[in-house]
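Colleague: The structure under discussion is supplied below as structure tokens; questions concerning it will follow.
Computed from the coordinates by the stated procedures, all read-outs in this text should not be read as laboratory data. All values derive from a computational prediction rather than experimental measurement. Cβ atoms come from the backbone with ideal geometry, glycine included; neighbour counts cover every protein chain shown.
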Amino acid sequence: MSFDPRPLVDVAVTVAKEAAALVQRARHDAVTAQVDTKSTETDVVTLADRASEQLVRDRLAVLRPGEPVIGEEEGGSAAVEGLTWVVDPIDGTVNYLYGYPWYAVSIAAQLDGVSVAGAVVEPVSGRVWTAALGHGSFLDGNRLSVSKATRLDLSLIGYGFAYRPERRQRQATTWAALSTRVRDIRRAGAASLDLCAVAAGWLDGYAEHALGRWDWAAGALIASEAGATVHLPGTDPAFGADATVAATPAIATALRTALIECGFANV
Ligand code: LIP
């Protein structure tokens, strides 16, 4: 890579912190006002999701003029050449709606679809997760490293469910089978933070289908820069078209085998 991506991390952190402050300030009104739905009645979007994304877009237009933004709520398209910013204004919106304190603002910079810088900021705890390609990943400035797990049967795995019931049914079947082959499974509800949890060794692995680019763009870089083996959507046909999987290297192959044997590819 011909340039140092670390200054992009500073931009992502600055803007994500501003959006996180807005998200927290706006919560009471956002969850009591009209809450809209998207793909299903359970797939919600609040006024705060929209306001957070607009703030991020406005700030990036000033700090990084001319660089396109892809956001969960307003969409967008990637640059033909150069950087594209990928934004999840509130990752874990259902958690946000309930006040379940596991949600975040996620901002990544991508070059030709590859994440080179990322920040994930938690409005409730104030935790700031960052990474730059080739320069490691950090939590509040402290270097991250994945867990030392070596046995899948003693591993804690994060997992997620889609919004559509029929797909959720298939995911539950895989989940049930996998649950007999690992220490335990956690379903926390925010992909960006689940990937950060792998980076911190809070989880030994994580697997989910049907994520948007905004859900994994920063978190996957934070996990891989902490040493995780990461499979992005479409990179491993054995997982099916839209799977995201991350794990500490010593269990990555065993997790892959177990997921496939548990029907993960047919979800
Ligand atoms: C959420 C993801 C989560 C997934 C949810 C939802 P959102 O993103 O972070 O992992 O299980 O279904 O997609 O919609 O809160 O940005």
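Colleague: Per residue of the stretch 45-50, in order, report the coupling 6.51 cos²θ - 1.76 cosθ + 1.60 (Karplus, θ = phi - 60°) as ³J(HN,Hα) in whole Hz, putting x for Gly and Pro.
Modeller: The phi angles translate into 9, 9, 4, 5, 4, 5 Hz.
Colleague: With 10 angstrom as the radius, rank HIS28, HIS231, HIS135, HIS209 by how many other C-beta atoms surround their C-beta, starting from the fewest.
Modeller: Sorted ascending by nearby Cβ count, the order is HIS28, HIS135, HIS231, HIS209.
Colleague: May I ask for the angle, rounded to the nearest 10°, between helix 6-25 and the longest principal axis of the chain, with both axes built from Cα atoms and the value confined to 0 to 90°?
Modeller: With rounding to tens, the tilt is 80 degrees.
Colleague: What order, most packed first, do the peptides 142-149, 251-258 have when packing is the mean number of other Cβ atoms within 10 Å of each residue? Before the final figure, lay out the partial values.
Modeller: Values: 142-149: 16.9, 251-258: 19.8.
Result, highest mean Cβ count within 10 Å first: 251-258, 142-149.
Colleague: Cβ neighbours within 10 Å, averaged per peptide: list 93-101, 177-185, 116-124 in order, most packed at the top.
Modeller: The most tightly packed comes first, giving 116-124, 93-101, 177-185.
Colleague: Fewest to most neighbouring Cβ within 10 Å: what's the order for TRP214, TRP85?
Modeller: On the way: TRP214 24, TRP85 27.
Fewest-to-most Cβ neighbours within 10 Å comes out as TRP214, TRP85.
Colleague: Using the Kirkwood radius over C-alpha pairs as Rh, can you work out the diffusion coefficient of the stretch 128-267 via Stokes-Einstein at 10 °C, viscosity 1.306 mPa s, in µm² per second? Walk me through the intermediate numbers first.
Modeller: Details: Rh = 14.6 Å.
Rounded, D is 109 µm²/s.
Colleague: Follow-up question, since we're still on this one. Show that you can apply the helix-only estimate: for the chain, add -39,500 (n - 2.57) for every DSSP H stretch of four or more residues, divide by all residues, and state [θ] at 222 nm to the nearest 500.
Modeller: -11500 deg cm²/dmol
Colleague: Report the Rg/Rh value for the stretch 20-65, based on alpha-carbon coordinates and the Kirkwood definition of Rh. Each step should come with its number before you reach the end.
Modeller: Working: Rg = 12.4 Å, Rh = 11.6 Å.
My calculation of the ratio gives 1.07.
Colleague: To continue, here is another question. Given the Cα atoms of the chain, and with Rh set as the inverse mean 1/r over their pairs in the Kirkwood sense, what is Rg to Rh to two decimals? Kindly include the intermediate steps, with their values, before the conclusion.
Modeller: On the way: Rg = 17.5 Å, Rh = 18.3 Å.
Using Cα coordinates only, the ratio equals 0.95.
Colleague: How high is the relative contact order of the stretch 50-95, given as a whole-number percent (alpha carbon pairs under 8 Å, six or more residues apart)? List each step's numbers first, then the result.
Modeller: Details: 50 pairs, mean separation 17.1, N = 46.
Relative contact order for the stretch 50-95 comes out at 37 percent.
Colleague: With contacts defined as alpha carbon pairs under 8 Å and 6 or more residues apart, what's the relative contact order of the chain in percent?
Modeller: Across the chain, relative contact order equals 17 percent.
Colleague: Report the gain in length on full extension from ASP58 to ARG187: 0.36 nm times residue separation, minus Cα-Cα distance, nm rounded to one decimal.
Modeller: Values: separation 129, 0.36 × 129 = 46.44 nm, distance 3.32 nm.
Residue separation times 0.36 nm, minus the Cα-Cα distance, leaves 43.1 nm.
Colleague: Defining a contact as two alpha carbons under 8 Å apart and six or more residues distant in sequence, what relative contact order in percent does the stretch 72-148 show? Mind showing how you got there, number by number?
Modeller: Working: 125 pairs, mean separation 14.9, N = 77.
Relative CO of the stretch 72-148 lands at 19 percent.
Colleague: Using Cβ counts within 10 Å as a stand-in for footprinting exposure, how do TRP202, TRP175, TRP129 rank, fewest first?
Modeller: Working: TRP202 17, TRP175 20, TRP129 31.
So the ranking, lowest neighbour count to highest, is TRP202, TRP175, TRP129.
Colleague: Here's another thing I want to ask about it. Sort 29-40, 216-227 by packing, meaning the average of other beta carbons within 10 Å per residue, with the highest value first. Before the final figure, lay out the partial values.
Modeller: Working: 29-40: 12.8, 216-227: 28.9.
Top of the packing list down: 216-227, 29-40.
Colleague: Once every Cα of the stretch 115-185 carries one equal point scatterer and solvent is ignored, give the base-10 log of I(q)/I(0) from the Debye formula at q = 0.16, 0.27 Å⁻¹, two decimals.
Modeller: -0.87, -1.02
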